[in-house]
Each structure stands twice: as C-alpha cells, then as structure tokens.
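What follows is a short report on a single structure.
Read-outs: derived from the displayed coordinates by stated rules, not from any lab. No experiment lies behind these values; they were computed from the predicted model shown. Cβ: placed from backbone, ideal geometry, glycine included. Neighbour counts: every protein chain shown.
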Amino acid sequence: MFRHHHGNRCQCLPARLRAFTLVELLVVIAIIGVLVALLLPAVQSAREAARRMSCVNNLKNLALADMNHEGVKGHYVHARLGPDSSGDFYLLPWNTPELRSGASGFVLLLPFLEQDALFNQLDIYDNESIWPAGEFSSGVWATPERLQAMNTRPQIFVCPSDDSEPFTEVEQYLDRYDPPPATGSYAFVAGHRGVNGGFVVDACMVKHKNTGLHLYNSPLGASTIAIRNVEDGTSNTISMGETIENHTFEGSNIWSYGHRYLDTYRVTDVALNTPPGVDAKQVGSWPAEVNGAFASRHPGGANFAYGDAHIEFLTEDIDFELYQELSTIKGPPLAMDEIDDPECTALKTRTRGRR
C-alpha cells in the first residue's frame, strides 16, 4: 500500500480497486431472472384474483338490480324490450317501433343502477326507441344523443378480465352508426334452446318461450317471468353470465342491444367456454355462424349470477346436463320442450289467419 503524506495526514490507497467480474455479473443477472420467473406467476395470479373479484361485484350488483326490478315491476327484467321479426305473426298486435324495440335488459336496469341520466338519454319509450326491428323503423331513431349514449360504456357492464375491444367492430354497425356502439361482458340467460338443438330460427321457442329467466318481451304472457314462476328455485337458476370476443361478428355483445344468440341474449346450448364460432350455425341474415355461448377469460370457467343474486364460478368441465338444467326455471330441458313445443305450434295455428 502506498502512503502519501500531506502534513500530518496520511492518504492510503488500495493497491488494486475491487470490481465485479463478468462471471459474477452474469450470475447476479441469472439469479434476478429466476426470482422474476418465480414471482411473475404469483403476481399475475394476484392480479387475476382481483379482476375476478371485480367481475363478481359487477354481476352481484346487476343481479341485485334485477331483483329490485322484480320487486317493483313484478317480474325479472326482459332480455329485450320487444320482439323483432315480422315472421312472428302471432305478435302482430305489437306493430310500432317502440313496441318492437331491441333495447336490452341492461338498458331497462339502468334506473336501478343509479344511471338515470344515461337511461333518459336513450329515451327508449319515444321516437322509435333504440334498435327497433327494421321493418317497423324509418331510421330516425339513431339521433346523435342516442348514439353517444350507446357509445358510453359503464364499467359495471365490463369484466376487467375481458380482453374485448371497447367498441364493436362489426362492419354493418360501423357503416350505420358513428360513434360505434359500446360492447359489454355480460348477457342474460334465456334458457337451453339454441342453434344445435333444432331451434335455430324458431321465434316462439327461442325468444318468447325459452326456458330461462330472461326472454324477449311480447304479447305472450309466458315471456314475463316472476319469482313465483321459478319452480326450480331462484338459488338453483342461473340468470346472467359472461361472454368473450364481444367486438366480433361471431361473439358480438353490444350491451344496449338484445339479439337472439348474440349480444345480451345467450343460451346454454353448447358447453361453457366454447369459443365463438365453434359448434355454431348461420342464423337468419347474420353474416357469421354463432353459438350463443357463455365464456370468460378467467382460467377454467366463468362467473354466473343466480336468480337470488348470489354468484358462483362454474367450471368449464361442469356436467353438460347439469349446466343446461341450471338454465331452466322448471324441470329438465326435455320436459320443458315437450310442454312448450305443442303450445307454440297451437299458437301459430290459431293466429295464422290474422296476418
């Protein structure tokens, strides 16, 4: 060691400065990489747990709003404000755009979610309502105020785990509406009847007399479901669930719109977490094949709200028959088919001459 004397002070310098070698530096980097690799799944799991809890809270509040609607109106909210097809000849007494409105049940729940301003902006009981069946509409309904409201995306309709785009990318909507309608992550459970069960375009069996809690509103009294109608018990009947790829043709879910097998109107016709477009069929003039499935981005299953407003996570390997039975309000699916099919046939026969 060298010593330099400056007066009475001694300044001592080491013979050689100590530094990290390249090997030591690489070892430190490797250790850090291993720690990050070990911690990252835990961090991601914690984040997903938080997102899933937020999703549960959304569904809980939506289900409570639905129960409040039942208490005030005497029935669970309709999945769609009115019927949509001119082929529904037994529904012809309802022949105005307002009565044939496609406003979803989530629009009808807005006043029960402290969203009165948005509900008033949509103005669904006047000026041709919103999303009216095309043959009943002159097109004047799509005002700038309504389009802006439809472009609004309340967070209660969005699951944080859902990776869908916030606005629809379906071309036929982009061509007509500016700004585009907003998407949502949740849909009503209409029952078990879907595209693979022989009910592709059967309006009576799919829209107005399906087997679940939430159906299209119509002159048919069977489409209005109250707690007293739920013979299986509200704690055993699923009411709302999750959807994915909500901005696409195959998985379209616009929160303000009720649309058979799409948007906020879904069925248990295929297994939980079946991707959009799988086990699907063409429905009417819709340009993509659809399956009406419930699915989520949560690993292994999806959240569902029940008729009594409790929430359960159903795993994707749930027994399919049990899954379908959870979606009906009174009995096994086949038993309900045996009751409803002849009733719909008789109804169509009685009203065929009333066109």
Hey, what angle do you get for helix 333-351 against the long axis of the chain, alpha-carbon based, 0 to 90 degrees rounded to 10?
40 degrees
In degrees rounded to 10, the 0-90 angle between helix 22-73 Cα long axis and the longest Cα principal axis of the chain is 30 degrees
Out of 307, 71, 284, a Gaussian network model of the chain with alpha-carbon springs under 10 Å gives the largest mean-square fluctuation to 284
For residue 265, which sequence-distant residues (separation of 5 or more, or a different chain) have an amide H within less than 5 Å of its own amide H, given hydrogens modelled in the peptide plane?
188, 259
Would you mind working out the magnitude of the charge dipole of the chain relative to its Cα centre, with +1 at each Lys and Arg C-beta and -1 at each Asp and Glu C-beta, to the nearest 20 Debye?
1260 debye
Dipole-positive endmost among 75, 62, 227 within the chain (Cβ charges, Cα centre):
62
Of 266, 153, 228, the most mobile residue in a GNM of the chain (C-alpha springs, cutoff 10 Å) is 228
Alpha carbon convex hull of region 231-355, volume per residue in cubic angstrom:
138 Å³
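So which of 207/330; 281/330; 73/207; 73/209 end up more than 22 Å apart, counting from Cα to Cα?
Violating the 22 Å Cα-Cα cut-off are 281/330.
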Quick check: Cα centre of region 89-108 to Cα centre of region 254-273, how many Å?
18 Å
Sorted by chain and number, the residues with a modelled amide H under 5 Å from that of residue 239, at a separation of 5 or more or across chains, are 305, 306, 307
Which one, 46, 302, 203, has the greatest fluctuation when you compute a Gaussian network model over the chain with C-alpha springs under 10 angstrom?
46
